[in-house]
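Colleague: Take this structure first; my questions come after.
The values are calculated or read from the model by the stated rules, or taken from the named source; none is laboratory data. Note that the coordinates shown come from a computational prediction; the quantities given were computed from them, not determined experimentally. We place every Cβ from the backbone using ideal geometry, glycine too, and count neighbours over all the protein chains shown.
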Amino acid sequence: MKKGKLLIHWLGQGGFAFTTSSGKVIMVDPFLSFSARKDNMTYIHSTFPISPEKAKVDYIFLTHDHSDHTDEETLLPLLKANPRARVFGPPESCSHLKKIGISEERIFEVNLEHHLHIDGIKVISVYAECTDDNWITHYGYFFDFDPIKVYITGDTKKGLHKYVDKLKWIIEQKLDILIVCINEGFNNLGPEDAAKLTALINPRIVIPMHYDCFVENTIDPQKFIDQLKPSLRSRVVLLEYGAKYLYKLGK
């Protein structure tokens, strides 16, 4: 794949895989198991976009230690199938992985606004507001795939106005792609907040996420589109569950 292209694969919920022009695969929050059934959640889809036992990945980034973002039933087989893959995440996610037997040599704890350079990719952890009362560290991630710039919000709490000042630097990045949570279930950004953040960032395209996974916690993405300024609506890329999208710089 030529430079200036990025293949984006929605794995469902907040999970994405990015394949770079050099063939490296970076995943964020892969959630490819039925582990949430134990919490009485009803899955909308009966199969997953990929099997963790067969998927290729080089680097995995976790946003926080909630079960649909740091999912041991996904991560154990995924890491077994990719013995050279490494995992990056906040303290609670890293502690979780160590407790389930993943080698410490493969786990890298990330701090807020931590700058990483891996295989020519620049990664910075971005502030996200914890969505529950028991504080655990939440991050979004900024990826500079040289030259394509991507920001994925992860889960971050509704009430954007209360912490938007902490996102000032990411808002100023002139992003190509914003991947934003739009479903306010469990205190996440809802359509209105997600639309406000999109307007502030003004990306080339915006991909809504964190819906179409559980019957009990989903939303019609049209509600997000309706909240956007008319000039931004044409920039929305609505992905079907498990779909891939090839972003080409300048298109």
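Colleague: Looking at the stretch 2-53, which of the residues that are assigned to a loop (DSSP other than H, G, I, E, B) and on the phi > 0 side of the Ramachandran plot is surrounded by the most Cβ atoms within 10 Å (Cβ to Cβ)?
Modeller: Among residues in the stretch 2-53 that are assigned to a loop (DSSP other than H, G, I, E, B) and on the phi > 0 side of the Ramachandran plot, the one surrounded by the most Cβ atoms within 10 Å (Cβ to Cβ) is D29.
Colleague: Additional query: Any idea how many residues of the stretch 154-183 are within 19 Å of V206 (Cα to Cα) and either over 16 Å from the mean Cα position of the chain (by Cα) or of a type in the set (A, V, I, L, M) (or both)?
Modeller: 17
Colleague: In contact (Cβ under 8 Å) with a residue 24 or more places away in the chain, of a type outside the set (S, T, N, Q) and crowded, with 18+ Cβ neighbours inside 10 Å: which single residue out of L112, L97 fits that description?
Modeller: Only one candidate qualifies: L97.
Colleague: Now, a different point. With respect to A195, is the statement that it is surrounded by fewer than 18 Cβ atoms within 10 Å (Cβ to Cβ) and hydrophobic (A, V, I, L, M, F, W, C) true?
Modeller: Spelling it out, it is not the case that A195 is surrounded by fewer than 18 Cβ atoms within 10 Å (Cβ to Cβ) and hydrophobic (A, V, I, L, M, F, W, C).
Colleague: Same structure again: Report, by residue number, each residue of the stretch 217-251 that is β-branched (V, I, T) and part of a loop (DSSP other than H, G, I, E, B).
Modeller: Passing the criteria: T218, I219, V237.
Colleague: Hey, among the residues in the stretch 83-94 that are in contact with a strand residue (DSSP E or B) (Cβ under 9 Å, 6 or more places away or on another chain) and outside any strand (DSSP E or B), which one's surrounded by the fewest Cβ atoms within 10 Å (Cβ to Cβ)? Outline the logic, then answer.
Modeller: First pass over the stretch 83-94, keeping only residues in contact with a strand residue (DSSP E or B) (Cβ under 9 Å, 6 or more places away or on another chain): 85-91, 93-94.
Okay, now just the ones that are also outside any strand (DSSP E or B), so 85, 90-91, 93-94.
Working: A85: 19, P90: 24, P91: 13, S93: 27, C94: 22.
Once the filter is applied, the top-ranked residue is P91.
Colleague: Let me ask something else about it. When the stretch 147-204 is examined, which residues are found to be in contact with a Ser or Thr (Cβ under 9 Å, 6 or more places away or on another chain) and hydroxyl-bearing (S, T, Y)?
Modeller: Answer for the stretch 147-204, where residues must be in contact with a Ser or Thr (Cβ under 9 Å, 6 or more places away or on another chain) and hydroxyl-bearing (S, T, Y): T153, T156, Y163.
Colleague: Please list, ordered by first then second residue, the pairs with beta carbon atoms under 7 Å, 6 or more apart or interchain, first in the stretch 228-251 and farther than 22 Å from A195 by Cα and charged (D, E, K, R), second at pLDDT 95 or above and not in a loop (DSSP other than H, G, I, E, B).
Modeller: K244/L7; K244/I8; K244/H9; K248/K5
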